[in-house]
Amino acid sequence: MKPLLSVRDVTKRYGARIGCADVSFDLYPGEVMGIVGESGSGKSTLLNCLAGHLAPDAGLVRFDTRDGGMRDTITMSEPERRMLARTDWAFVHQNARDGLRMSVSAGGNVGERLMAVGARNYGTIRASAEDWLGRVEIDTTRIDDRPSAFSGGMQQRLQIARNLVTAPRLVFMDEPTGGLDVSVQARLLDLLRGLVRDMGLSAIVVTHDLAVVRLLAHRLIVMKDGHAVEAGLTDQVLDDPQHAYTQLLVSSVLQV
Amino acid sequence: MIRRALLKALAVPGYQVPFASREMPMPYGWGTGGVQVSAAVLTPDDRLKVIDQGADDTTNAVSIRKFFERTAQVETTERTADATVIQTRHRIPETELVDGQILVYQVPIPEPLRFLEPRETETRKMHELEEYGLMHVKLYEDIARHGTIATSYAYPVKVENRYVMDPSPIPKFDNPKMRMGAIQLFGAGREQRIYALPPWTDVVSLDFEDHPFDPSKADHPCALCGAEDSYLDEVIVDDAGGRMFVCSDTDFCRARRDAGHRGATGRPAAEGAA
């Protein structure tokens with residue numbers, strides 16, 4: 001099977017400091033990869049390097065594009081990369097405010113990516129916005145409300161709808177459930193699991209919440225000080241951690 | 001320096017060329033961009049016309065006309081057909097402009113994406129990469145909120161299928177006229193940008209397939225000259241709700257009255273207020 005995303009020795013330094021170093025993995029279609037680690041371990045730096053927000057200092061990030069086969073996303077031209085970013089890729093920010101246009105209605109937010117790839121029929125755009133609001137369990141009567149009138153959980157679901165409307169193949173998520181209360185988190189995770197399964201999405205989920213990766217991710221990478229210290233199947237890593245840091249991480253989870 | 005910016009702007013229609021805007025003997029927002037562009041294109045043989053919202057007789061138009069009479073020693077006129085250079089604020093004259101004429105616009109905000117994306121670095125990148133989805137988001141919002149595209153002035157256009165351009169705050173009624181025989185130059189003094197349209201450049205107003213562009217105007221004839229195809233100003237005439245609609249283009253209206261046309265309350269031009 002051909003990987004969707006192939007990452008080799010990605011390194012990003014901030015001056016003398018290491019953001020992330022020598023991270024390699026393959027992500028296959030339909031697979032969800034979790035990246036866990038404490039704050040400052042380089043999770044977000046790695047994600048931003050993969051999603052094209054940061055340029056890594058070394059390494060290869062190759063993506064299986066629809067028409068050009070495996071392409072290095074670091075060396076491809078900026079128009080191509082931005083085109084990928086609004087068609088085949090999606091990026092879900094931790095803070096919904098970073099991923100939404102707060103002064104534009106919910107429908108406009110969902111429709112933006114469609115219009116960006118050339119949709120010019122108001123009726124069709126609105127119909128798919130309604131469809132997507134329904135899929136992420138937002139009442140369609142709120143299609144003309146601004147996201148600022150939405151609760152945190154709704155904003156996050158709206159952000160997901162806005163990202164998935166162009167049927168991307170790879171979703172980057174940076175702490176998608178961060179800052180939400182547990183019941184809202186549970187619904188969001190439920191929703192994400194459903195969408196990943198129904199749409200056959202591949203995803204890379206960065207989080208420090210081990211419960212989230214247990215539910216969502218098939219495979220797991222544990223990061224510490226910029227390095228990937230352990231990788232494997234989620235259940236295997238969480239139930240039988242090998243590396244000292246992973247053992248610490250797993251044993252630090254509060255039991256209710 | 002400004003002439004070089006103008007040449008570059010004409011070579012890349014719709015592209016905003018940065019230029020070093022100078023101090024002008026008037027405040028920003030009063031047409032400093034237009035004045036600089038006019039000063040750069042005027043020659044001693046030119047005849048200048050200045051309009052403000054279509055009118056030749058408003059303070060700003062009169063002042064700029066006098067300024068150039070004194071500093072550039074050019075002839076001035078109020079007749080659109082006689083002018084070689086026309087500086088305008090927020091209107092295109094009703095009389096069709098032809099080869100040999102130059103229309104200079106005063107532009108307050110040259111960036112059509114500004115109110116949607118406040119970062120200049122980002123809007124430049126969007127122009128560079130032709131990422132104009134956001135412009136349609138604005139029109140989508142209009143329809144979602146008002147049922148139709150409610151933007152009635154500064155209606156965004158696409159130039160030669162490449163750059164999205166703000167036509168300065170002209171009413172959208174004037175948008176179709178932008179495909180014309182005259183050269184159109186746009187000067188934004190405060191924002192330090194010049195852009196231009198060579199004659200007969202393709203200018204298309206953005207819209208949706210199911211909500212096409214509609215160059216609307218007030219549904220009345222002009223009360224003075226009876227014209228039904230000109231852009232109208234609504235004038236409140238008393239404090240009891242009385243109103244009249246008159247041509248915004250004063251030269252067009254006067255010429256029609258001179259030719260004998262009369263509206264509902266029309267009088268010959270000599271007796272008229274204008």
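The values are calculated or read from the model by the stated rules, or taken from the named source; none is laboratory data. Computed from a predicted structure; not experimentally measured. Heads up, the Cβs are rebuilt from the backbone with ideal geometry, glycines too, and the neighbour counts pull from every protein chain shown. Just the protein is used for accessible areas: all its heavy atoms, side chains included, with ligands, DNA and RNA removed. Shrake-Rupley method; radii C 1.70, N 1.55, O 1.52, S 1.80 Å.
Odds and ends about this structure:
- Measuring only protein heavy atoms, the 1.4 Å probe finds B:GLU160 accessible over about 100 Å².
- Estimated at 0.36 nm per residue, the fully extended path between A:ASP225 and A:TYR28 surpasses their Cα-Cα distance by 68.3 nm.
- Note on chain B: Lys pairs 8 or more places apart or on different chains, Cα atoms under 24 Å apart, count 17.
- Note, ³J(HN,Hα) from phi for the stretch A:180-197, Karplus 6.51, -1.76, 1.60, rounded to Hz, x at Gly and Pro: 10, 6, 4, 5, 5, 4, 4, 5, 5, 5, 4, 4, 4, 4, x, 5, 4, 6
- Applying a DSSP loop filter and a limit of 16 other Cβ atoms within 10 Å to the trypsin sites (Lys or Arg not before Pro) in the stretch A:112-213 leaves A:ARG120.
- Its convex hull of Cα atoms gives the stretch B:2-205 a direction-averaged projected area, equal to a quarter of the hull surface, of 11.0 nm².
- About its Cα centre, the protein assembly as shown has a charge dipole of approximately 780 debye under the convention of +1 per Lys or Arg Cβ and -1 per Asp or Glu Cβ, with nothing else charged.
- Protein heavy-atom accessible area occluded, A/B pair - total, 1.4 Å probe, Å²: 1900 Å²
- Karplus (6.51, -1.76, 1.60) ³J(HN,Hα), θ = phi - 60°, over the stretch A:230-246, in Hz, Gly and Pro reported as x: 7, 8, x, 5, 4, 5, 5, 5, 6, 8, 9, x, 9, 6, 4, 5, 4
- Counting DSSP beta bridges with both ends in chain B, the antiparallel % (nearest 5): 55 percent
- Counting every pair of alpha carbons in the stretch B:15-113, the share spaced more than 15 Å apart comes to 59 percent.
- Accessible surface ranking that places the most exposed of B:THR250, B:THR265 first, with a 1.4 angstrom probe: B:THR265, B:THR250
- Portion, in percent, of the accessible area of the protein assembly as shown that falls on carbon or sulfur, probe 1.4 Å: 50 percent
- Residues B:TRP200, A:TRP89 ordered from highest to lowest accessible area at a 1.4 Å probe: B:TRP200, A:TRP89.
- Computed about its Cα centre, the charge dipole of the stretch B:120-274 is approximately 440 debye, with only Lys, Arg, Asp and Glu carrying charge at their Cβ.
- Assuming charge only on the beta carbon of Lys and Arg (+1) and of Asp and Glu (-1), the dipole of chain A about its Cα centre is about 660 debye to the nearest 20.
- Area of A:ILE74 that stays accessible when all protein chains are in place (1.4 Å probe, Å², to 10): 50 Å²
- All aspartates and glutamates inside 15 Å of A:LYS43 as judged from Cα atoms, apart from same-chain residues fewer than 8 positions distant: A:ASP9, A:ASP22, A:ASP174, A:GLU175, A:ASP209, A:ASP225, A:GLU230
- Taking the DSSP beta bridges with both ends in chain A, the antiparallel portion is around 55 percent.
- Those residues of the stretch B:115-152 whose amide nitrogen sits under 14 Å from the label point placed on A:ALA149, 7 Å along Cα→Cβ: B:144-146
- Residues with amide H under 5 Å from that of A:THR65, placed H, sequence gap 5 or more: A:MET70, A:ARG71
- Projecting the Cα atoms of A:ASN121, A:ALA211, A:LEU164 onto the charge dipole of chain A, computed from C-beta unit charges around the Cα centre, puts A:ASN121 farthest toward the positive end.
- Karplus 3J(HN,Hα) series, Hz, for the stretch A:127-134 with 6.51 cos²θ - 1.76 cosθ + 1.60 (x for Gly, Pro): 5, 6, 5, 4, 4, 6, 4, x
- Solution diffusion estimate, µm²/s, Stokes-Einstein, the protein assembly as shown, Kirkwood Rh from C-alpha pairs, 25 °C, viscosity 0.890 mPa s: 92 µm²/s
- Across the stretch B:217-266, Cα-Cα distances exceeding 17 Å account for 27% of all pairs.
- Placing unit charges on the Cβ atoms of the charged side chains and taking the dipole of the stretch B:164-274 about its Cα centre, the candidate lying farthest along the positive direction among B:CYS225, B:GLN184, B:ALA255 is B:ALA255.
- Using a probe of 1.4 angstrom and keeping all protein chains present, the accessible surface of chain B works out to 46 square angstrom per residue.
- Anisotropy class of chain A from Cα gyration tensor, a/c 1.5 cut: oblate
- Between A:ARG193 and B:LEU129, the FRET efficiency from the beta-carbon distance, with R0 = 41 Å, is close to 0.70.
- Antiparallel content of DSSP bridges confined to the protein assembly as shown, in %, to 5: 55 percent
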